[in-house]
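See below for the structure under consideration.
The values are calculated or read from the model by the stated rules, or taken from the named source; none is laboratory data. The shown structure was predicted, so the numbers you read here are calculated from the model rather than taken from an experiment. Ideal geometry is used to build each Cβ from the backbone, glycine not excepted, and the neighbour counts take in all protein chains shown.
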Amino acid sequence: MFVDTATVFIISGHGGRGCVSFRREKYLPNGGPDGGDGGDGGSVFFIGEINLNTLSRFRHTPKLVAQNGQPGGSNNCSGKKGKDLLVKVPCGTMVRNAETEELLCEILEPGIKVMLAHGGKGGRGNQHFATSVNQAPRHVEEGKPGVACTAALELKVIADVGLVGLPNAGKSSLISVVSHARPKIAGYPFTTLRPHLGVIERPDYRSIVMADIPGIIEGAAEGKGLGIQFLKHVERTRVLLAVIDISEFADPPADKAFKIVQQEIKKFGRSLSEKKMLIAVNKIDLDPEQTLLSRFISRLSKEDAQRVYPISTVTRKGLGALITALDRALTAD
Ligand SMILES: Nc1nc2c(ncn2[C@@H]2O[C@H](COP(=O)(O)OP(=O)(O)OP(=O)(O)O)[C@@H](O)[C@H]2O)c(=O)[nH]1
Ligand SMILES: [Mg+2]
């Protein structure tokens, strides 16, 4: 199952208690206080990880607890600091305070570490409390408690290009021939159940990140099929690529399919329909005379017709031109 939301309980470590102790040595009957400080509690950090694409592990382990600091010891020994907890999360994770819904942070890039809960400070040992009038203090500080909070995590994958289309259009086939991504491909609807990312290598060490999401169907906005929940994953992309099956087996046929895509994107709202969109007309190997392609293009608006890229993921025809166009659309602004 693809999980893109999770609730976690974050608890940083309690600071260790300071120690009450007095120096005891032979021939030194009344040594001064030598109680060490408690160690600081461990903090909880989130760190962005490129290879993760779900929050499912938090369903099983929602408690994220850093270690407590150790109490101080005698002989001025400080307690050990509690170990920090480093939690790997997929890039694109948004972290909110579960009660107030306030956005705490967004983990956008791999390797970036964000502290979610600071560990409690360790208490001071009695060595700090000796004064001229009290040379044998029995007073120490308790360690400060850690921070506890409940956070709501939400994953919205980050990509440059988002693939949108009906089930079976060939979205996963496309991502698998232009990148190293290997999502499942099959001739039945809803093969893809969760988003996949693929990286397309470009000259000059540049790359385009493409997101394959589950297919949408008419009425997706009202919850039909897998719904439009996955469209939020293309919310952060800069360019949308509609993938349309041009073959005679396409059900519904290409022009209807394109209308559904446009309509569902509009219904989703959140400025998705204002994004640049290119149209990949797929499976042209099944339309050798280009009759279906010409008919499809003739029914489009002039503006849309100029954004059509005929491709076949089987023969790989048109893929180069499509990628160049995507690249141009991404670098245009
Ligand atoms: N002939 C032909 N078949 C294709 C082409 N591209 C994809 N297919 C076939 O179309 C079927 C669906 O392909 P997928 O890539 O799984 O389609 P999808 O859009 O990811 O489908 P969902 O994940 O269900 O939304 C598979 O049987 C593919 O082999 C193509 O260019 N030509
Ligand atoms: Mg698929």
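Would you say residue 255 is more than 16 Å from ligand 1 (Cβ to nearest atom) and assigned to a helix (DSSP H, G or I)?
For residue 255, the condition - more than 16 Å from ligand 1 (Cβ to nearest atom) and assigned to a helix (DSSP H, G or I) - is met.
Can you work out which of the residues in segment 195-213 that are surrounded by 24 or more Cβ atoms within 10 Å (Cβ to Cβ) and assigned to a loop (DSSP other than H, G, I, E, B) is farthest from ligand 1 (Cβ to nearest atom)?
Here the residue is 195.
Do any residues in segment 216-231 that are crowded, with 19+ Cβ neighbours inside 10 Å have Cβ atoms under 6 Å from those of residues that are aromatic (Phe, Trp, Tyr) and modelled with pLDDT of 70 or more, where the two are at least six apart or on different chains, and which pairs are they?
228/268; 231/268
Of all residues in segment 177-192, how many are within 8 Å of ligand 2 (Cβ to nearest atom) and of a type in the set (S, T, N, Q)?
Total meeting the criteria: 2.
Consider residue 206 against the criteria (1) under 20 Å from residue 267 (Cβ atoms); (2) more than 12 Å from ligand 2 (Cβ to nearest atom): it satisfies all of them except one. Which criterion is unmet?
Every condition holds for residue 206 apart from (1).
Failed condition for residue 135, given (1) of a type in the set (S, T, N, Q); (2) exposed (fewer than 15 other Cβ atoms within 10 Å of the Cβ); (3) under 25 Å from the mean Cα position of the chain (by Cα), with all others met?
(3)
For residue 169, indicate whether it is closer than 21 Å to residue 266 by Cα, within 15 Å of ligand 1 (Cβ to nearest atom) and buried (at least 19 other Cβ atoms within 10 Å of the Cβ).
Criteria met by residue 169.
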